Amino acid sequence: MSLQTHIVGVGGYLPERILSNQELSKMVDTSDVWIRERTGITQRHIIAQDQQTSDLAVEAAKQALDDAGLTIDDIDALIVATTTPDMVFPSTASVVQYKLGGKDFPAWDIQAVCSGFIYGLAQADGMMRGGMFKRVLMIGAESMSRIVDWKDRNTCVLFGDGSGAVVLESREEEGGMIGSVLHCDGSYRQLLMAEHQHTRHEPGKPIDFSMDAAGVAAIEMKGNEVFRVAVNKLGEVVGEVLDKYGLQKSDVDWLVPHQANIRILNATAKKMKMETGHMVVTVGEHANTSSASVPLALNHLYRQGSIQTGQILLLEAFAAGFAWGANLIRWSKS
Ligand code: COA
């Protein structure tokens, strides 16, 4: 039989500091009731001043390695999905490799915003089926609080920080990753973005060295337009991935969605005719942690002891770009 990609370890990490809706409503003109009713969010975790995205990634990675009964020396490749890297370069993955005490194996970041983990799983799966790597550490880690405009009530209530990770192992054995579907449509790019101004110099003009060249980025979003497209595209992609791999909606045991807004989650569950008890919901406590959201939700489900061997999981996400996608997994970890 051919090589299959199995999840053999799962981990997650949330920074200690919790920012409640009540606290937020003292910072901007909002209320706990508005945030809960419109988004389902009650709180979010915020990275400590002395932490970086790589530190969050390391904590989730350690837990996933421990869960797999492996060490960093067993890993052949490390991927970090992040939209909030420690710095422009080197990659956060290379920093994480160093902090974990790893050496020599390839490490790189991928950027598909909130769909980063879905994209990363698809990418790792393809490479592993092709025999390129035996064990891959796949992490989603974000410090969204660092790119949120804390004066903008339209966006600051939505995001949080955290990380999630899985250890993947290729084996000639049934189960594991069934397959993935990925999409991107750049014509929507301006509806949700954080312009990173590496310098504030205007293209075509001489460089003004007196200017502060520090990067600034803040999330800008046309919330209701993003909402509308997200509901449509997620509804389509769950059907597409099931069709592609010959499965029915009723075959899915667990829906593990990107956690952006409870109303988006419920719309996809409705489309799937999924009982809400079989959809993972962590948005209330985690808010939108971008690429960390799906692995954190998976970790939550896994730690509850809810997943049985042989069950089908459908992971999905929608992101700026717009970039969206889904992975199907037959759970093979005992
Ligand atoms: N507190 C109180 N009022 C707020 C608010 C807040 N935090 N944020 C926005 N409002 C106000 C708006 O100013 C607007 O007021 P107005 O009618 O006087 O102009 C009103 O609430 C309704 O705004 P609207 O944008 O229509 O609300 P909505 O029902 O679409 O909910 C979002 C807003 C952002 C929660 C929702 O659109 C959403 O979740 N969009 C998708 C976001 C997302 O998933 N992004 C990430 C994708 S990965």
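So the values come out like this:
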{"quantity": "Residue pairs meeting the criteria (Cβ under 7 Å; at least 6 apart or on separate chains; first in a strand (DSSP E or B), in segment 172-186; second surrounded by fewer than 17 Cβ atoms within 10 Å (Cβ to Cβ))", "calculated": "Ile178/Tyr245; Gly179/Lys244; Gly179/Tyr245; Val181/Glu240; Val181/Lys244"}
{"quantity": "One residue from Ser25, Ser20 being away from the ligand (no atom under 13 Å from the Cβ) and assigned by TED's automatic domain parsing to the domain that holds Arg171", "calculated": "Ser20"}
{"quantity": "Residue check, Ser163 touching a residue at least 40 places away in the same chain (Cβ under 8 Å), crowded, with 20+ Cβ neighbours inside 10 Å and assigned to a strand (DSSP E or B)", "calculated": "yes"}
{"quantity": "Restricting segment 144-160 to residues that are open to solvent by less than 20 Å² (accessible area, probe 1.4 Å) and modelled with pLDDT of 95 or more, the residue that is farthest from Gly120 (Cα to Cα)", "calculated": "Val157"}
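Quick grid of which residues meet (1) more than 16 Å from Gly140 (Cα to Cα); (2) open to solvent by 60 Å² or more (accessible area, probe 1.4 Å):
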residue: Ile18; (1), (2): yes, yes
residue: Asp32; (1), (2): yes, no
residue: Asp50; (1), (2): yes, yes
residue: Gly69; (1), (2): yes, yes
residue: Ala77; (1), (2): no, no
residue: Asp86; (1), (2): no, no
residue: Ala93; (1), (2): no, no
residue: Phe105; (1), (2): yes, no
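The values are calculated or read from the model by the stated rules, or taken from the named source; none is laboratory data. This is a predicted model, so every value here is computed, not measured. Here Cβ is always computed from backbone atoms with ideal geometry, including for glycine, and neighbour counts include all displayed protein chains. Accessible surface areas use protein heavy atoms only, side chains included; no ligands, DNA or RNA. Shrake-Rupley method; radii C 1.70, N 1.55, O 1.52, S 1.80 Å.
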